[in-house]
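Visitor: Mind looking over this structure? Questions follow.
The values are calculated or read from the model by the stated rules, or taken from the named source; none is laboratory data. Nothing here was measured: the structure is a model prediction, and the numbers come from that model. We place every Cβ from the backbone using ideal geometry, glycine too, and count neighbours over all the protein chains shown.
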There are 2 protein chains.
Amino acid sequence: MEQQKEIRLGLLGMGTVGTGVVSLLHRNGELMQKRAGCTITVEKILVRDTSHPREIAYPADKFTSNPEDIIDHPEIDLVVELMGGIEPARQYMERALKAGKGVITANKDVIATHGEELLKLARENRCNIWFEGSVGGGIPLLRPLKNCLAANRVEKFLGIVNGTTNYILTRMEWEGISFEDALRDAQDLGFAESDPTNDVDGWDAAYKVVILGGLSFGTFVSMENIYMQGIRGISFRDLQYARELGYTIKLVAVGDTVEGRVSLRVHPVLLPLGHPLAAVYHEYNALFLEGDAVGEVMFYGKGAGAFPTASAVVGDVIEAACGKVHQIDSSTMDIQLSPRPVLPMGEMVSSFYLRLQAYDRPGVFAALASTFGEHQVSLDMIIQKRSDEGTAEIVLITHRVKEDNFWAALDKISGLPDISKVFSVFRVIQGGSQR
Amino acid sequence: MEQQKEIRLGLLGMGTVGTGVVSLLHRNGELMQKRAGCTITVEKILVRDTSHPREIAYPADKFTSNPEDIIDHPEIDLVVELMGGIEPARQYMERALKAGKGVITANKDVIATHGEELLKLARENRCNIWFEGSVGGGIPLLRPLKNCLAANRVEKFLGIVNGTTNYILTRMEWEGISFEDALRDAQDLGFAESDPTNDVDGWDAAYKVVILGGLSFGTFVSMENIYMQGIRGISFRDLQYARELGYTIKLVAVGDTVEGRVSLRVHPVLLPLGHPLAAVYHEYNALFLEGDAVGEVMFYGKGAGAFPTASAVVGDVIEAACGKVHQIDSSTMDIQLSPRPVLPMGEMVSSFYLRLQAYDRPGVFAALASTFGEHQVSLDMIIQKRSDEGTAEIVLITHRVKEDNFWAALDKISGLPDISKVFSVFRVIQGGSQR
């Protein structure tokens with residue numbers, strides 16, 4: 001048995017997750033000490049205002065408003081970054097790594113945009129950076145991908161990684177309420193921010209898809225190469241049609257490799273009701289992936305919240321502390337990254353759901369069908385219902401088609417004199433496991 | 001960068017999983033080399049008959065029928081045990097650990113019955129034993145439990161860990177066929193063995209529940225303390241009633257802690273249709289657990305088969321090889337075990353489903369209800385349907401009740417003159433996430 005060692009943490013930030021981390025370190029401290037083989041103590045916490053009253057009963061000298069007190073502290077082994085946002089979080093992490101300290105973070109923005117350089121920096125300084133909490137909150141995702149599935153070539157993943165939008169879609173689907181009402185409720189309950197852009201337009205999921213792509217495909221794709229479509233365009237009517245056709249609608253983060261090229265994207269999809277992800281409701285998250293040896297696996301749980309995220313962060317802290325105790329001076333299992341070409345969205349092959357309104361007169365369908373035909377788009381399912389005032393609502397699902405072809409066809413169709421309105425366009429996922 | 005090192009494996013056994021492991025090592029060799037930071041080569045394979053023709057094109061001198069050629073081989077770093085069964089697998093692992101070699105296995109029988117002593121032996125010899133493949137095939141379960149969720153106190157888990165029984169129950173439920181017919185199909189498809197006892201009576205799941213208990217609760221409970229009920233008593237009629245009441249029936253492995261005492265058991269349960277495990281069909285496995293920080297998480301995938309299991313085994317090999325390269329001479333995150341008291345099954349509190357046949361005459365219900373009442377059993381749901389020939393079929397679900405009380409009540413009820421037959425008794429799980 002080694003002498004019981006003490007590992008000292010410096011925390012950057014003391015918001016919701018920070019408070020969760022400190023509470024968890026206290027609550028399960030004895031258990032963690034056994035598991036890590038060392039005691040883990042909080043040495044210093046960076047806060048904006050040291051005089052602000054705190055839930056945590058720490059002596060005043062634990063708090064500092066000077067980041068140097070943590071980054072340059074000779075006895076701090078690990079820096080836990082919980083500030084959020086890119087700067088100054090990124091530069092603090094950089095300086096901590098340069099000082100040879102291990103860094104633990106749940107900051108998806110920084111990892112998605114600067115993960116590659118930080119990993120490189122960690123390697124150069126024989127330390128490491130952990131970020132399990134950056135995707136899927138407390139659900140073990142990144143370490144299983146990196147370690148347990150290391151024998152697999154992962155070619156495909158599909159995830160519900162944004163709890164806010166999943167909560168909104170669940171409320172819409174189950175209660176028939178509008179996007180606006182569901183969003184307002186989510187804001188009242190603290191699930192959505194007052195400016196919901198980051199969630200509902202897909203930004204949050206896009207950061208996460210970059211990180212998942214990094215671990216699955218060994219390449220960090222830059223944010224401008226991530227295709228994004230949010231959930232603002234989804235109406236209860238779409239959810240009803242989807243259900244009628246055997247689907248639900250979810251906002252997903254998708255990763256594919258097609259002939260060596262990588263495609264990462266965030267958009268709503270119609271998902272067959274038998275797909276394991278279709279049963280993921282409310283604020284729950286899940287990642288579904290396919291490895292060439294393991295087949296289909298899914299990880300499911302709460303993707304956000306103080307304690308679920310703290311669970312991931314403190315799990316990383318325990319692993320990092322263990323490494324320090326056993327003097328493992330660099331990452332034993334580095335994430336291997338190399339650049340890979342990106343598949344342009346126009347070259348992707350997708351199946352589409354389309355809802356539009358046409359004037360109820362002869363020849364409409366013929367015009368639609370022939371325009372699709374000219375662009376090599378073939379149709380899989382069609383529903384037509386009579387609407388008021390001489391119009392008809394038409395819902396189509398296409399077979400799989402090159403995206404460029406579909407959009408060219410749709411452009412033409414929107415201009416047809418018989419088509420009065422295109423309401424919504426979403427991609428469709430066929431298959432999934434089990435059935 | 002370290003000099004590229006070579007890690008040499010000795011394989012004990014070359015059956016289905018062994019062949020999968022060797023194929024996978026070849027197929028994804030380059031990828032693994034990058035991830036492990038070393039080359040991984042197969043040095044020797046123990047087989048019963050070295051003259052037997054093999055799928056794998058290895059030179060004849062790779063094969064041996066003498067276990068000493070592997071266990072005592074000075075250049076073999078890691079021993080991969082894939083023989084199955086308890087002896088001689090256990091003693092080979094013991095000898096390999098004593099020789100300071102790392103051991104990787106998917107052998108649930110050995111780990112469930114001798115895991116504690118092998119882990120101790122590994123620690124004493126500054127090496128380690130990995131067994132991710134022993135539960136849930138390729139689904140990352142044990143390492144996430146041990147590492148990613150290390151900050152959590154896990155108080156409860158519920159798993160579908162036997163693919164054969166889940167396949168049989170799926171066929172019965174979806175197609176209305178009998179247990180016997182579903183079993184025969186499973187045998188024809190190679191999902192069930194000619195003697196199905198190990199699967200259908202719960203033994204396989206019991207070994208796995210012991211291992212899950214070891215990682216979740218830090219204690220290995222001995223097999224004689226595992227309560228077991230198999231699936232032979234389930235009929236399509238039970239599945240129909242369950243569905244009518246909003247449930248499905250699954251064989252589950254359950255772990256609970258109640259006031260510091262541990263309960264591990266394997267039995268069928270009625271599971272609410274909204275529970276994430278209810279959507280796990282066919283040969284798929286899943287583990288659902290609750291941590292005090294992370295909340296509810298679920299892991300899902302294929303629990304058996306050559307490649308899914310090889311995925312777990314080779315994942316372990318990569319981690320072990322990495323450790324060798326970086327000269328991590330003992331387990332960095334030991335499983336901490338300590339004895340804990342076991343909760344006797346009679347003291348458990350459960351809700352029950354009961355299907356029985358009564359003579360269709362006045363006073364039957366009164367007799368039933370008063371017998372239950374005398375034993376503090378209260379009823380939650382009742383269905384009564386008229387049967388042929390003057391009998392009625394009654395289906396009941398009780399509220400939660402101490403098991404001893406329920407069984408005493410049932411004993412008395414079986415003896416009532418109005419009750420002609422007790423068909424089936426299963427436990428019921430209420431709740432689950434999401435709704």
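Visitor: Filter region A:285-306 for residues that are facing chain B (nearest Cβ under 7 Å) and surrounded by fewer than 24 Cβ atoms within 10 Å (Cβ to Cβ); which is nearest to A:Pro272 (Cα to Cα)?
Guide: Step by step, filter region A:285-306, then rank; the result is A:Glu296.
Visitor: For A:Ile382, work out the one condition from (1) of a type outside the set (Asp, Glu); (2) free of Cβ contacts under 8 Å to residues at least 24 places away in the same chain; (3) more than 18 Å from A:Leu271 (Cα to Cα) it doesn't fulfil.
Guide: (3)
Visitor: Right, here's the next one. Do the conditions hold for A:Leu183, that is, is it under 22 Å from A:Leu82 (Cα atoms) and either at pLDDT below 95 or more than 14 Å from every other protein chain (Cβ to nearest Cβ) (or both)?
Guide: no
Visitor: A follow-up question, please. Can you tell me which residue is surrounded by the most Cβ atoms within 10 Å (Cβ to Cβ) among those in region B:138-155 that are at the interface with chain A (Cβ under 7 Å from one of its Cβ atoms), farther than 12 Å from B:Val313 by Cα and of a type in the set (A, V, I, L, M)?
Guide: Among those that are at the interface with chain A (Cβ under 7 Å from one of its Cβ atoms), farther than 12 Å from B:Val313 by Cα and of a type in the set (A, V, I, L, M), it is B:Ala151.
Visitor: Being closer than 29 Å to B:Ile234 by Cβ and in contact with a Lys or Arg (Cβ under 7 Å, 6 or more places away or on another chain) is the filter here, so list the residues in region B:132-165 that pass it.
Guide: Within region B:132-165, B:Ser134, B:Val135, B:Gly137, B:Gly138, B:Ile160, B:Val161 qualify.
Visitor: Here is a check on your reading of the model: is B:Ala358 surrounded by 14 or more Cβ atoms within 10 Å (Cβ to Cβ) and not assigned by TED's automatic domain parsing to the domain that holds B:Arg243?
Guide: The answer is yes for B:Ala358.
Visitor: Related question: For the structure I just gave you, tell me whether B:Leu264 is crowded, with 24+ Cβ neighbours inside 10 Å, under 21 Å from the mean Cα position of the chain (by Cα), more than 28 Å from A:Gly159 (Cα to Cα) and modelled with pLDDT of 95 or more.
Guide: When the stated conditions are applied, B:Leu264 passes them.
Visitor: Residues to consider are B:Asp199, B:Asp238, B:Asp204; find the one that is over 18 Å from the mean Cα position of the chain (by Cα) and assigned to a helix (DSSP H, G or I).
Guide: The match here is B:Asp238.
Visitor: Which residues, counting only those in region B:313-326, are facing chain A (nearest Cβ under 7 Å) and either part of a helix (DSSP H, G or I) or buried (at least 24 other Cβ atoms within 10 Å of the Cβ) (or both)?
Guide: Hits for region B:313-326 are B:Val314, B:Gly315, B:Ile318, B:Glu319, B:Cys322, B:Gly323.
Visitor: Report yes if B:Ser387 is touching a Gly at 6+ places or on another chain (Cβ under 9 Å) and polar (S, T, N, Q), otherwise no.
Guide: Here the answer is no, as B:Ser387 does not meet what is asked.
Visitor: Which of (1) modelled with pLDDT of 95 or more; (2) of a type in the set (D, E, K, R); (3) closer than 19 Å to B:Phe288 by Cβ does B:Lys146 not meet, given it meets every other one?
Guide: Every condition holds for B:Lys146 apart from (1).
Visitor: Looking at region B:106-146, which of the residues that are in a loop (DSSP other than H, G, I, E, B) and aliphatic (A, V, I, L, M) is nearest to B:Lys324 (Cα to Cα)?
Guide: B:Ala106
Visitor: If you don't mind, another one. Looking at this structure, is B:Arg427 within 21 Å of B:Thr248 (Cβ to Cβ), surrounded by fewer than 17 Cβ atoms within 10 Å (Cβ to Cβ) and in contact (Cβ under 8 Å) with a residue 24 or more places away in the chain?
Guide: no
Visitor: For a quick check of your reading: which helices (runs of 4 or more DSSP H) sit entirely within region A:2-91 and have at least 3 residues that are surrounded by fewer than 22 Cβ atoms within 10 Å (Cβ to Cβ) and within 14 Å of another protein chain (Cβ to nearest Cβ)?
Guide: Where helices (runs of 4 or more DSSP H) fall fully within region A:2-91 and carry at least 3 residues being surrounded by fewer than 22 Cβ atoms within 10 Å (Cβ to Cβ) and within 14 Å of another protein chain (Cβ to nearest Cβ), they are A:16-27, A:29-36.
Visitor: Among the residues of region B:224-270, what is the count of those that are within 26 Å of B:Asp292 (Cα to Cα), among the acidic types (Asp, Glu) and out of contact with any strand residue (DSSP E or B) (no Cβ under 8 Å at 6 or more places or on another chain)?
Guide: Qualifying residue count, region B:224-270: 1.
Visitor: Are any of the residues in region A:298-311 under 22 Å from A:Ser420 (Cα atoms) and not assigned by TED's automatic domain parsing to the domain that holds A:Ile40?
Guide: no
Visitor: Still on this model: Of the residues that make up region B:367-376, is at least one in contact with a Phe, Trp or Tyr (Cβ under 9 Å, 6 or more places away or on another chain), at negative phi and in a strand (DSSP E or B)?
Guide: No, every residue in region B:367-376 fails to be in contact with a Phe, Trp or Tyr (Cβ under 9 Å, 6 or more places away or on another chain), at negative phi and in a strand (DSSP E or B).
Visitor: Out of curiosity, is A:Ala122 among the small types (Gly, Ala, Ser), closer than 30 Å to A:Leu270 by Cβ and outside the structural domain of A:Pro272 (by TED's automatic domain parsing)?
Guide: Here the answer is no, as A:Ala122 does not meet what is asked.
Visitor: Output the number of the condition that B:His114 fails; it satisfies all remaining conditions of (1) under 27 Å from A:Pro144 (Cβ atoms); (2) modelled with pLDDT of 95 or more; (3) buried (at least 24 other Cβ atoms within 10 Å of the Cβ).
Guide: (3)
Visitor: Still on this structure, please answer the following. Exactly one of these conditions fails for A:Phe406: (1) touching a strand residue (DSSP E or B) at 6+ places or on another chain (Cβ under 6 Å); (2) in a helix (DSSP H, G or I); (3) modelled with pLDDT under 95. Give me its number.
Guide: (3)
Visitor: For the list (1) under 36 Å from the mean Cα position of the chain (by Cα); (2) modelled with pLDDT of 90 or more, I need the number of the one condition that A:Leu416 fails.
Guide: (1)
Visitor: Something else: Is one or more of the residues making up region B:425-432 over 24 Å from B:Pro344 (Cα atoms) and at pLDDT 95 or above?
Guide: no
Visitor: Quick check on my filter: what residues within region A:120-176 are in contact with a Leu (Cβ under 7 Å, 6 or more places away or on another chain) and hydroxyl-bearing (Ser, Thr, Tyr)?
Guide: A:Thr165
Visitor: Continuing with this model, one more query. Which is more than 14 Å from every other protein chain (Cβ to nearest Cβ), surrounded by 15 or more Cβ atoms within 10 Å (Cβ to Cβ) and not in a helix (DSSP H, G or I), of B:Ile394, B:Ile382?
Guide: Result: B:Ile394 is the single residue among B:Ile394, B:Ile382 that is more than 14 Å from every other protein chain (Cβ to nearest Cβ), surrounded by 15 or more Cβ atoms within 10 Å (Cβ to Cβ) and not in a helix (DSSP H, G or I).
Visitor: While we're looking at this one, here's another question. Can you spot a residue in region A:273-281 that is crowded, with 21+ Cβ neighbours inside 10 Å, away from chain B (no Cβ under 12 Å) and under 30 Å from B:Ala293 (Cα atoms)?
Guide: no
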